[in-house]
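The values are calculated or read from the model by the stated rules, or taken from the named source; none is laboratory data. Since we're looking at a predicted model, the values are computed, not measured. Positions of Cβ are backbone-derived with ideal geometry, glycine not excepted, and every protein chain shown enters the neighbour counts. Protein only, heavy atoms only, side chains kept; ligands, DNA and RNA dropped before computing areas. Shrake-Rupley method; radii C 1.70, N 1.55, O 1.52, S 1.80 Å.
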Amino acid sequence: ELEEPFLRNGLLMVVDGTDPELTNQILELEINAVEREREQQAKIFETAGGFAPTMGIIGTVMGLIHVLSNLSDPSSLGPSIAVAFTATLYGVASANLIYLPLATKIKTNTHERIQLMELMLEGVLALQAGENPQLIRKKLNSFMLLEPEDQRAKRVEDNASAE
């Protein structure tokens, strides 16, 4: 009945009597797969963030070529040049306000997800080894001590409001 598929799969392996080393290998492979998949997602946005300013420059150059082809009308030069340079602004702005922040957010979420999965893995393996519940609690709490202070405070606050 667990909603968390990683934890559910781990506990099912324990209940089914899977060898502890095999359980560890399978769950580690799943963690690595999630990490690789999310890194690829972040890389897409990082790449877009790298290309966006270049595309803006290309737009500016094309706009300036258009300006130079209309030098016979001096009254239209100012507005045409302004429009040409707007392309650069759009390129830089989209990179720094959209693509790169999205890549960073995906990386941050991935790091948090991997930490949670590693916590669950340790818990599953400890259960499978038949460790004392108090020892398991201490072991898993040590994972929480590795969290940055602001994340731990937010998690504690979220747990308190949920109760």
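Listing for the model above:
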read-out	value
Charge sum, other residues only, whose C-beta stays under 13 Å from residue 37's C-beta, Lys/Arg counted +1 and Asp/Glu -1	+2
Electrostatic dipole magnitude of the chain [Cβ: Lys, Arg +1; Asp, Glu -1; Cα centre; debye, to 20]	640
Full-extension gain in nm, residue 131 to residue 144, via 0.36 nm per residue minus C-alpha separation	2.8 nm
Over region 26-97, equivalent-ellipsoid semi-axes from the Cα gyration tensor in Å	44, 9, 5
Accessible surface of the chain [probe 1.4 Å, protein heavy atoms]: carbon and sulfur percent	62
Calculated on alpha-carbon atoms, Rg and Dmax of region 1-133 in Å	26.2, 87
FRET efficiency for residue 104 and residue 55, using Cβ-Cβ distance with R0 set to 22 Å, rounded to 0.05	0.60
Phi to ³J(HN,Hα) by Karplus 6.51 cos²θ - 1.76 cosθ + 1.60 over region 47-63, Hz, x for Gly, Pro	5, 4, x, x, 7, 4, x, 5, 5, x, 5, 4, x, 5, 4, 4, x
Positive dipole terminus of region 1-46, leading residue within 12, 32, 44 (C-beta point charges)	44
